[in-house]
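So the structure is just underneath, and the comments pick up after that.
The values are calculated or read from the model by the stated rules, or taken from the named source; none is laboratory data. Everything quoted here is computed from the prediction, not taken from an experiment. Positions of Cβ are generated from backbone atoms using ideal geometry, with glycine treated the same way; all protein chains shown enter the neighbour counts.
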Amino acid sequence: MSLNFLVQCLLFLRRPVFWAALLAPAAAVAAGPDWSYCEPVDAGIAAGFDRALAGDDQSIHVSAESLSSSGGDALLFDGAVELRGQGRLLRADRVRVSETPRRFEAHGNIELRSDGLLIRSDSAELSEADRRGEFGDVEYALPERHAFGKAARVVTTESALTLRRASYSTCEVDDPDWVIEARKIHLDQEKGQGTARNATLRFLGVPLVYVPWISFPIDDQRRSGLLYPVVGSSDSSGIQLSLPFYWNMAPNYDMTITPKFMERRGVMLVDEFRFLGRRTRSNLSLEYLGRDRIDDETRFRYAIDHESRLTRHWMLKLEGSVVSDDNYLTDFASGLDSTSLTHLERYADLRYQSRHWRGVIRNQVYQTIDPTIPLAERPYKRLPQVTAQGELPLRLGGLQLSVATDITRFAHRHAVEGRRFDIAPELRWQWATPGAFFRPKVSWHYSYYDIDAFDGEPARSLKRALPVASIDSGLILERQTAGDNTLTLEPRLFYLYVPYRDQDDIPVFDSNEPAFIFSSLFRENRFSGLDRIGDANQLTTALTSRLFDDASGREMVRASLGQIHYFEDRRVTLPGSEANDDSRSNYLAEITATPWEKWVLGGHLVSDSQLDKAEVATVNVGYRGGANRVANIEHRFRRGDDVNQTALSWAWPLNRNWRFLGRWLYSHTRDLDLEVIAGLEYESCCWKARLVSRRYILDEQEEYNNGFYVQLILKGLASFGAGSTLIEQSISGYQINDE
């Protein structure tokens, strides 16, 4: 039907990605910006029109003040012409329909409405024979995306659309703060590609970006092209400008190539390659600086993250990174977590998993980037490590039998090397009801070491065999509170027995004594790894209480307290450590609480056995007020490491448009600021700006790096600059929506 052709031509304008992609052809335009700062969209535009006509009715309803014949086979509809049907409404002052060849000519106050689209025009001419249409002085609105625009002239064909002197914006219609203007835009629906000539992005009346020609996608397919630039500044590198280029190599693999211009250091090439197959996922990244102007040397970092599902049960996993020198992360990383790393891990795993068995064949090496660590104390290489754990299909009165094995060759250039074989069969039984549980377990560890000659000591072999027995039991008692909530009391007893075996002759390849946390109360070995299996004759007593909101099922409070009682001294130690003869362990306490909807409380305490002093303490309080009204305070204390730190972070509105962002991390022990972040965020109807200043300590020499980040977000279009990731990582609970 002829009206159908008219509607299809105009609906071509409805694709918003045409306009949003003008400056970033490879970037997808995400939905979901906050339009609450804007004036409400005209209700008529938002609603479209009477949706009763948008159902299955395929007929066309025409109304006009007058109908007359014009020029033989032509009809002239005059005065308040309306054509309704097929979910659309077309209005005009006058519509002339010619039959041979069939043409439509519309004049005066032309308006097309459909679901999510409004188009206004002064004139329209459409030819059904060649499927061509021309429109003059077009105004359009996409209320669902809060988008508006104009075009001086629009020409449509069956699969293409050309717009002359076109514009696009998501700002208020009368006076947009930002707008894209282009002399010519051509959209090819068949190819899924568009081109624009002489396109300019204006912000507050100032030309921000100009491109003489650009191509961009007009469908969901990815296209190669430039992405948005990123601008930043830091003391170590100066002003930084990144210009990413996205290369859509194939539907299942792509690459992002980013020249990064650093004022003080030179030009770094950053390259990221991604591959996604039916059974494979890969991510390769490279950072390369041919000549650092400051250090006068080549700097680089490369990393791999790869997974391949080889068969139903077998999988290959590769992960790791390498840097050119010890100072690379200090100079180029973006946070305290990266600059505090001492080792970079690289491993290759061949993993097996079935219903009853799982195992790993692993090669693992480390790059030590902390030069203060002595050579002999750096991690061993595993070349290789073979592990297997299995559940044997034995079900006799609740009994379960399993076995774990570990075969590893440890390599080291500056320490004794060797091979270790360990096997540990385990038999356990479990009895459980809704209010109680009882889980006894016994295992047998057999280890064999083949030690190479080193530093004048001859090669030798060692054996170790010992049993491990434990009983885990507990009760779960409940009662209703006065507020009709459920309060539980959950006492737990855990007994562990491991006889003493002299292990001083066994080298320490991978064992250490991990931090004492609440789960340590129920560990069967106080050491990590297999080179030390601690002797034990001990009983853990613990108590947990939880408060539930019966209406929602939400856990409002969880509090736990526990301690280990030792019946014998612990004689197995790591080299350089002394035996422990305390009769009781430190007390451990934990609490998490959400007593009110907007508050989050938490705490962790390790106290000495006499409750005289705290060894480790962490306290945090968080407020989540909605509308990104966030505040956090946290204090961390560790006596053995001289850690005594307080962290404050917040995101707080100053008024409807302005928000104050910040984080302060202070060390009481060193009496200095470890990190200070301060930022201002402004948000209006169609754009947002963020200014962030950051100062953080680089190393133990108390050298600081200062950075400044500027970010401009044009809602429904793009984000220029950097800073959002840093803010989200620094302020717990703060979520940024820059889409």
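Residue check: is residue 209 modelled with pLDDT under 80 and within 19 Å of residue 713 (Cα to Cα)?
Judged against the criteria, residue 209 is not a match.
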Could you run through the range 100-122 and say how many residues are more than 13 Å from residue 76 (Cα to Cα), in a strand (DSSP E or B) and either under 45 Å from the mean Cα position of the chain (by Cα) or in contact (Cβ under 8 Å) with a residue 60 or more places away in the chain (or both)? 9
Checking 511, 528 in turn, the sole residue that is in a loop (DSSP other than H, G, I, E, B), over 25 Å from residue 479 (Cβ atoms) and touching a Pro at 6+ places or on another chain (Cβ under 8 Å) turns out to be 528
Any chance residue 266 is within 22 Å of the chain's Cα centre (by Cα), on the phi > 0 side of the Ramachandran plot and surrounded by 14 or more Cβ atoms within 10 Å (Cβ to Cβ): no
What is the residue count in the range 219-268 for residues that are without any contact (Cβ under 8 Å) to a residue 12 or more places away in the chain and hydroxyl-bearing (Ser, Thr, Tyr)? 0
Is one or more of the residues making up the range 605-612 within 20 Å of residue 648 (Cα to Cα), surrounded by fewer than 17 Cβ atoms within 10 Å (Cβ to Cβ) and hydroxyl-bearing (Ser, Thr, Tyr)? no
Which condition from (1) surrounded by fewer than 16 Cβ atoms within 10 Å (Cβ to Cβ); (2) closer than 22 Å to residue 625 by Cβ; (3) among the small types (Gly, Ala, Ser); (4) without any contact (Cβ under 8 Å) to a residue 40 or more places away in the chain is the one that residue 647 breaks? (1)
From (1) small (Gly, Ala, Ser); (2) surrounded by 14 or more Cβ atoms within 10 Å (Cβ to Cβ); (3) out of contact with any Gly (no Cβ under 8 Å at 6 or more places or on another chain), pick out the condition that doesn't hold for residue 631. (3)
State whether one or more residues within the range 565-579 are surrounded by 15 or more Cβ atoms within 10 Å (Cβ to Cβ), of a type in the set (A, V, I, L, M, F, W, C), in a strand (DSSP E or B) and out of contact with any Pro (no Cβ under 6 Å at 6 or more places or on another chain). no
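Every residue, every condition in (1) outside the structural domain of residue 196 (by TED's automatic domain parsing); (2) crowded, with 17+ Cβ neighbours inside 10 Å; (3) more than 21 Å from residue 87 (Cα to Cα), yes or no:
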residue	(1), (2), (3)
108	no, no, yes
114	no, yes, no
149	no, yes, yes
154	no, yes, yes
162	no, yes, yes
166	no, yes, yes
170	no, yes, yes
176	no, yes, yes
Is it the case that residue 474 is assigned by TED's automatic domain parsing to the domain that holds residue 530 and either touching a helix residue (DSSP H, G or I) at 6+ places or on another chain (Cβ under 7 Å) or modelled with pLDDT under 95 (or both)? no
Could you check the range 675-693 and list, in sequence order, the residues that are among the small types (Gly, Ala, Ser) and crowded, with 22+ Cβ neighbours inside 10 Å? 679
Applying the selection to the range 464-510, what residues are exposed (fewer than 12 other Cβ atoms within 10 Å of the Cβ), without any contact (Cβ under 8 Å) to a residue 60 or more places away in the chain and in contact with a Leu (Cβ under 7 Å, 6 or more places away or on another chain)? 479, 505
If you go through the range 118-160, how many residues are of a type in the set (A, V, I, L, M), touching a Pro at 6+ places or on another chain (Cβ under 6 Å) and closer than 26 Å to residue 170 by Cα? 2
Are any residues in the range 386-442 in contact (Cβ under 8 Å) with a residue 60 or more places away in the chain and hydroxyl-bearing (Ser, Thr, Tyr), and if so, which ones? 408
Can you find a residue that is among the hydroxyl-bearing types (Ser, Thr, Tyr), in a loop (DSSP other than H, G, I, E, B) and touching a His at 6+ places or on another chain (Cβ under 8 Å) anywhere in the range 153-170? yes
Please verify whether the range 529-550 includes one or more residues that are under 34 Å from the mean Cα position of the chain (by Cα), exposed (fewer than 14 other Cβ atoms within 10 Å of the Cβ), in the same structural domain as residue 605 (by TED's automatic domain parsing) and in contact (Cβ under 8 Å) with a residue 24 or more places away in the chain. yes
When you look at residue 239, is it outside the structural domain of residue 37 (by TED's automatic domain parsing) and either at positive phi or touching a strand residue (DSSP E or B) at 6+ places or on another chain (Cβ under 8 Å) (or both), yes or no? yes
Do any strands (runs of 3 or more DSSP E) lying entirely in the range 431-507 carry at least 2 residues that are under 30 Å from residue 569 (Cβ atoms), and which ones are they? 436-451, 460-475, 486-498
Could you run through the range 551-564 and say how many residues are among the basic types (Lys, Arg) and either part of a strand (DSSP E or B) or not assigned by TED's automatic domain parsing to the domain that holds residue 522 (or both)? 1
Out of the residues in the range 129-151 that are among the aliphatic types (A, V, I, L, M) and at pLDDT below 85, which is nearest to residue 92 (Cα to Cα)? 141
Using the structure shown, decide if residue 523 is buried (at least 16 other Cβ atoms within 10 Å of the Cβ) and either touching a His at 6+ places or on another chain (Cβ under 6 Å) or free of Cβ contacts under 8 Å to residues at least 12 places away in the same chain (or both). yes
Would you check if residue 96 is surrounded by fewer than 16 Cβ atoms within 10 Å (Cβ to Cβ) and either closer than 30 Å to residue 62 by Cα or β-branched (Val, Ile, Thr) (or both)? no
Out of 299, 293, 312, sole residue that is of a type outside the set (Ser, Thr, Tyr), over 25 Å from the mean Cα position of the chain (by Cα) and surrounded by 16 or more Cβ atoms within 10 Å (Cβ to Cβ): 299
Name the single residue that is modelled with the lowest pLDDT among those in the range 342-366 being more than 23 Å from residue 404 (Cβ to Cβ) and surrounded by fewer than 16 Cβ atoms within 10 Å (Cβ to Cβ). 342
Find the strands (runs of 3 or more DSSP E) located wholly in the range 588-655 whose residues include 3 or more that are farther than 24 Å from residue 564 by Cβ and hydrophobic (A, V, I, L, M, F, W, C), and list them. 599-607, 630-638, 643-653
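Going residue by residue through the range 233-241, is there one that turns out to be farther than 30 Å from residue 711 by Cα and surrounded by fewer than 17 Cβ atoms within 10 Å (Cβ to Cβ)?
No; the residues of the range 233-241 include none that is farther than 30 Å from residue 711 by Cα and surrounded by fewer than 17 Cβ atoms within 10 Å (Cβ to Cβ).
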